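Participant: I'd like to ask you about the structure that follows.
The values are calculated or read from the model by the stated rules, or taken from the named source; none is laboratory data. Note that the structure is predicted; figures quoted are calculated from it, not measured. Ideal geometry is used to build each Cβ from the backbone, glycine not excepted, and the neighbour counts take in all protein chains shown.
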Amino acid sequence: MVGYGSLLSETSARETVPELTNFRLVEVPGYRRIFNKVGIVFFSRYNINPDSLEIASCSTEEAPESAMICSQFEVPESAFEALYEREHRFRWIEVETIDSRGKVQLGRMCSGWNDRDYRLNKCVTEAEYQYRVGQYYRGAIWRDDILPHPDYLTFCLQSAEQAGSEVLANFMDTTFLADGLTPVRQYLMQAPNLTGWRNIETRYSYR
């Protein structure tokens with residue numbers, strides 16, 4: 001399993017998958033992070049305003065010039081079903097990862113999709129889609145006009161920070177808003193609900 005958001009820190013990853021083994025940091029070339037997926041959990045658990053644009057969770061997409069620092073760990077078969085359910089709206093892909101010794105391995109990673117294929121491949125019936133999504137949210141899941149949910153973005157930043165300054169720097173430079181153009185580093189300079197991260201450049205030296 002490859003973690004790229006809140007699973008960047010081992011502590012956070014173990015809260016999600018207590019049974020994980022061999023947690024390590026790796027590089028995933030050819031991909032970047034992007035906040036373009038509506039987080040249904042924000043509606044189902046936290047009752048946020050349906051008119052808000054701050055409803056995005058993090059996904060990934062191909063980007064030939066990018067290289068993300070991510071976590072990688074093994075998940076026992078007995079625990080994978082719950083993880084698959086947690087990440088149900090993503091498309092699972094296989095990516096190459098490179099560890100600190102330069103060893104290349106393969107890992108499963110959640111990545112971007114589209115609403116049509118999600119309905120066709122993950123929700124066999126309309127009733128299942130209604131159960132998983134429709135009862136909480138009526139719009140498109142994958143959008144280019146939404147912004148990160150403030151608490152979730154802060155959680156991702158904290159997870160990256162716990163993994164080290166290099167990981168945090170990489171997160172901010174390889175993560176973009178749903179428009180695909182605005183880096184999270186730039187967004188943090190003006191995000192009204194993330195004032196604690198505005199001066200982050202003074203706390204770390206970035207490559």
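Participant: Within region 67-77, take every residue that is in a strand (DSSP E or B) and either touching a helix residue (DSSP H, G or I) at 6+ places or on another chain (Cβ under 9 Å) or among the aliphatic types (A, V, I, L, M) (or both) and give me the one that is farthest from residue 22 (Cα to Cα).
Facilitator: Restricting to residues being in a strand (DSSP E or B) and either touching a helix residue (DSSP H, G or I) at 6+ places or on another chain (Cβ under 9 Å) or among the aliphatic types (A, V, I, L, M) (or both), the top hit is 67.
Participant: Please find, within region 79-98, the residue that is surrounded by the fewest Cβ atoms within 10 Å (Cβ to Cβ) out of those that are among the acidic types (Asp, Glu) and modelled with pLDDT of 95 or more.
Facilitator: Per the stated criteria, the residue is 94.
Participant: Every residue in region 145-188 that is crowded, with 16+ Cβ neighbours inside 10 Å, in contact (Cβ under 8 Å) with a residue 40 or more places away in the chain and over 29 Å from residue 47 (Cβ atoms), please.
Facilitator: Residues satisfying the conditions are 163, 167, 170, 174.
Participant: Output the number of the condition that residue 64 fails; it satisfies all remaining conditions of (1) farther than 28 Å from residue 144 by Cβ; (2) touching a residue at least 12 places away in the same chain (Cβ under 8 Å).
Facilitator: So residue 64 meets the others, but not (1).
Participant: Say whether the condition of being in contact (Cβ under 8 Å) with a residue 40 or more places away in the chain and either over 17 Å from the mean Cα position of the chain (by Cα) or surrounded by fewer than 20 Cβ atoms within 10 Å (Cβ to Cβ) (or both) is met by at least one residue in region 31-38.
Facilitator: Within region 31-38, not a single residue is in contact (Cβ under 8 Å) with a residue 40 or more places away in the chain and either over 17 Å from the mean Cα position of the chain (by Cα) or surrounded by fewer than 20 Cβ atoms within 10 Å (Cβ to Cβ) (or both).
Participant: Quick check: is even one residue across region 113-134 in a helix (DSSP H, G or I), modelled with pLDDT under 95 and either closer than 20 Å to residue 4 by Cα or touching a Pro at 6+ places or on another chain (Cβ under 8 Å) (or both)?
Facilitator: No; the residues of region 113-134 include none that is in a helix (DSSP H, G or I), modelled with pLDDT under 95 and either closer than 20 Å to residue 4 by Cα or touching a Pro at 6+ places or on another chain (Cβ under 8 Å) (or both).
Participant: From the residues in region 32-66 that are in a strand (DSSP E or B) and of a type in the set (A, V, I, L, M, F, W, C), which one is farthest from residue 17 (Cα to Cα)? I'd like the intermediate steps shown before the answer.
Facilitator: First, pick out the residues of region 32-66 that are in a strand (DSSP E or B): 32-38, 54-66.
After this cut, where a residue has to be of a type in the set (A, V, I, L, M, F, W, C) as well, the list is 34-35, 38, 55-56, 58, 63.
Working: 34: 23, 35: 23, 38: 23, 55: 24, 56: 23, 58: 18, 63: 28 Å.
Across region 32-66, the extreme among qualifying residues is 63.
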